[in-house]
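Here, each number is a calculation from the coordinates, and none is a lab measurement. Bear in mind that the values here come from a model prediction, so they are computed numbers and not experimental data. Neighbour counts run over all protein chains shown; Cβ positions are idealised from the backbone, glycine included.
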Amino acid sequence: MGENEINQADAFLIFGGTVINSDSTKKRDVAVKDGKIKAIGRIKHSDFEGYRLIDATGKFVIPGGIDPHVHLSLPTPAGNSTDNFVSGSMAALSGGTTSIIDFVTPRRGQSLIEALYIRKIEASQSLCNWKLHLGISEWNTTVKEELLYCIRHEGITSVKAYLAYRESVGITIDELRQLMETVGTEKGMVMVHCEDGEMIDRLRKQFIKEGKTDAYYHALSRPPETETDTIRRVIGLSEQTGCSVYIVHTSTGLGAQLIREARTKGLEVFGETCIQYLILDDEVYDKFTPNEEVLPFVISPPIRSIEDQQILWKELAKGTFDVVATDHCPFNLLGQKDLGMFDFTRIPNGAGGIEYRLSLLYTYGVLSTLLNMQQFVHFTSTRAAELFGWGKTKGKLLPGYDADIVIWNPDTTGVITVDRQMQHCDSNIYEGIPVDGKAEWVFCNGKLTGW
């Protein structure tokens, strides 16, 4: 049976597999028609005459992944991030992610409404499901009024603020408080990039003044306390304003523990870490590594210590985090990252990972017994759906839900390499890392994908 046959039929029966939701693991069959799940259970094939049969024996059948933190075609002084909505969504689908959430990142002085309209046009090219968070690059009366319009009339429920990048999109802690007061009254959620922009700017200027310009100093200019002190302050603002907050890309063990403590107090503080902080450690910034080999790992927050990594895994297993995302934002080494070869402050921050999130988390989480498969589904799909408005249609394999389905083959092995990646980038921070298991069949809204 070929791919075209399945797509033309738009009705198929997956049988013999182990269906995994975040709260259950059972041998079940799944019937799909017209992009929706029609039935799940021990299904008589004769009851679904005309459905194409897909044998999933020995495989896991899981909800399509949801990555709520990606940056496609993100404009920077070094040029756009190298994946647009077509190539980025292809990379996502190839790895088992069927839904993404990107950002509207307005220029200072630009209308939020205009920026949202333009970004929707760009995102409409995506080959998988998509949504948008609304970013805030400044705070004033006009921005507040336009933000309220977008929440009330454009379906925006999540708003992103940066406490770093003061020269371009960052805002102050007092402006964040005002933003949270505004969004909180509308029952929305504020996503916060928790890095102390003032401390970072001071350290960056100091290093450059001292002639310390190599990429190695990027991480030193963003020490752990730039994150942890800021997370502590943001949690305090959440308590004061009553606004729900979502801490993006948590990289430190202490940051994770602060989130857990806030949740224990009953605060609506949600936590995200990213796959790079679970897989890599700060050896990538070794002082004696050639500068050009460090460039790909210039991301913010930077990769942390092995001790931080170990704590992040433990806190993930405890349920401190809601989501494992990617912060997918790749830049080419040649012509983009290397613009900062002799000045680390000019290196565009970001790396790709959208197509490897599931395979890396499966290999180094599930197969290492740090997580089970139900947790795997929770962190890669279900919880993101619940937090970002897809809870009644995606993130679970149930009758009536969208047929975003991955048939996961656990009996494969491979090695990540830039030569075989789908994402558009000339480097890969996971180069040479072995992975087990893969998304063998990926259905998005009932259509088989693959290239």
Of the listed links Lys144/Lys447; Lys287/Lys438; Lys59/Lys318; Lys287/Lys337, those spanning more than 30 angstrom between alpha carbons are Lys144/Lys447; Lys287/Lys438
Options (i) 1.15; (ii) 1.00; (iii) 0.96 are given for Cα Rg over 2.2 N^0.38 Å, and the computed one is (iii)
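Please give the length that would be gained between Asp34 and Thr393 if that part of the chain were fully extended, namely 0.36 nm times their separation in residues minus their C-alpha to C-alpha distance (nm, one decimal). Before the final figure, lay out the partial values.
Values: separation 359, 0.36 × 359 = 129.24 nm, distance 1.41 nm.
Additional length available on full extension: 127.8 nm.
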Note: Glu122 to Lys287 extended length (0.36 nm per residue) minus current alpha-carbon separation gives 55.4 nm
Output row, site Arg202, 7 Å Cα→C-beta label point, backbone N cut-off 20 Å, window the range 149-169, residues 163-168
Taking placed amide H atoms and a strict 5 Å upper bound, the residues 5 or more places from Phe103 or on another chain that come that close are Leu72, His133
For the chain, longest principal axis from Cα atoms; helix 253-264 axis from its Cα atoms; angle between them, nearest 10 degrees, is 70 degrees
For the range 47-63, in residue order, the Karplus 3J(HN,Hα) values (coefficients 6.51, -1.76, 1.60; θ = phi - 60°; whole Hz; Gly and Pro = x) are 6, 10, 4, x, 7, 6, 9, 10, 7, 10, 4, x, 10, 9, 10, 10, x
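Which order do the peptides 81-89, 395-403, 236-244 take when ranked by the mean count of other beta-carbon atoms within 10 Å per residue, highest first?
Values: 81-89: 23.2, 395-403: 20.3, 236-244: 18.0.
In decreasing order of mean packing, 81-89, 395-403, 236-244 become 81-89, 395-403, 236-244.
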Calculated from DSSP helices alone, with each H run of at least 4 adding -39500 (n - 2.57) and the total divided by the residues of the chain, [θ]222 nm to the nearest 500 comes to -9000 deg cm²/dmol
Percent relative contact order for the range 246-381, counting Cα pairs under 8 Å at least six residues apart, stands at 27 percent
The answer for trypsin sites (Lys or Arg not before Pro) in the range 1-95 that fall in a DSSP coil and have at most 15 neighbouring Cβ atoms within 10 Å is Arg42, Lys44
Here the relative contact order (percent) of the chain, from C-alpha pairs under 8 Å and at least 6 apart, is 21 percent
Mean separation of Cα contacts under 8 Å (at least 6 apart) over the residue count of the range 100-230, i.e. the relative contact order in percent, is 21 percent
For the range 64-387, the charge dipole (Cβ of Lys, Arg +1; Cβ of Asp, Glu -1; about the Cα centre) points to a positive end, and the Cα of Thr320, Leu116, Leu220 closest to that extreme belongs to Leu116
The range 99-178 and the range 336-363 have their Cα centres apart by a whole-number Å value of 23 Å
Once the in-chain neighbours fewer than 8 apart are removed, the aspartates and glutamates whose Cα is under 18 Å from Lys120 read Asp67, Asp83, Asp102, Glu146, Glu154
If one compares the long axis through the Cα atoms of helix 141-153 with the longest principal axis of the Cα atoms of the chain, the angle in degrees, nearest 10, works out at 10 degrees
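Could you pull out the chymotrypsin sites (Phe, Trp or Tyr not before Pro) across the range 283-315 that fall in loop regions by DSSP (anything but H, G, I, E, B) with no more than 12 other Cβ atoms inside 10 Å? Provide the component values of the computation, followed by the final result.
Numbers: sites: Tyr285, Phe288, Phe297, Trp313; in loops: Phe288.
Filter output for the range 283-315: Phe288.
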Toy charge model, Lys and Arg Cβ at +1, Asp and Glu Cβ at -1: the chain dipole around Cα centroid in debye, rounded to 20, equals 1120 debye
Computed about the Cα centre, the charge dipole of the range 359-435 from +1 Lys/Arg and -1 Asp/Glu charges at the Cβ has a magnitude in debye, to the nearest 20, of 340 debye
Per the charge dipole of the chain (beta-carbon charges, Lys/Arg positive, Asp/Glu negative, Cα centre), the residue among Ser81, His249, Gln206 reaching farthest to the positive end is His249
When the charge dipole of the chain is computed with +1 at the Cβ of Lys and Arg and -1 at the Cβ of Asp and Glu, the Cα pointing farthest to the positive end, of Ile275, Tyr362, Ala39, is that of Ala39
If each part is reduced to its alpha-carbon centroid, the range 214-254 and the range 388-430 end up apart, in Å, by 28 Å
Put in order of increasing Cβ neighbours within 10 Å, starting from the fewest, Leu203, Leu112 give Leu203, Leu112
Taking R0 as 35 Å and r as the Cβ-Cβ distance between Asn84 and Lys265, the FRET efficiency 1/(1 + (r/R0)^6), rounded to the nearest 0.05, comes to 0.25
The helix 112-123 Cα axis meets the longest alpha-carbon principal axis of the chain at an angle in degrees, between 0 and 90 and rounded to 10, of 40 degrees
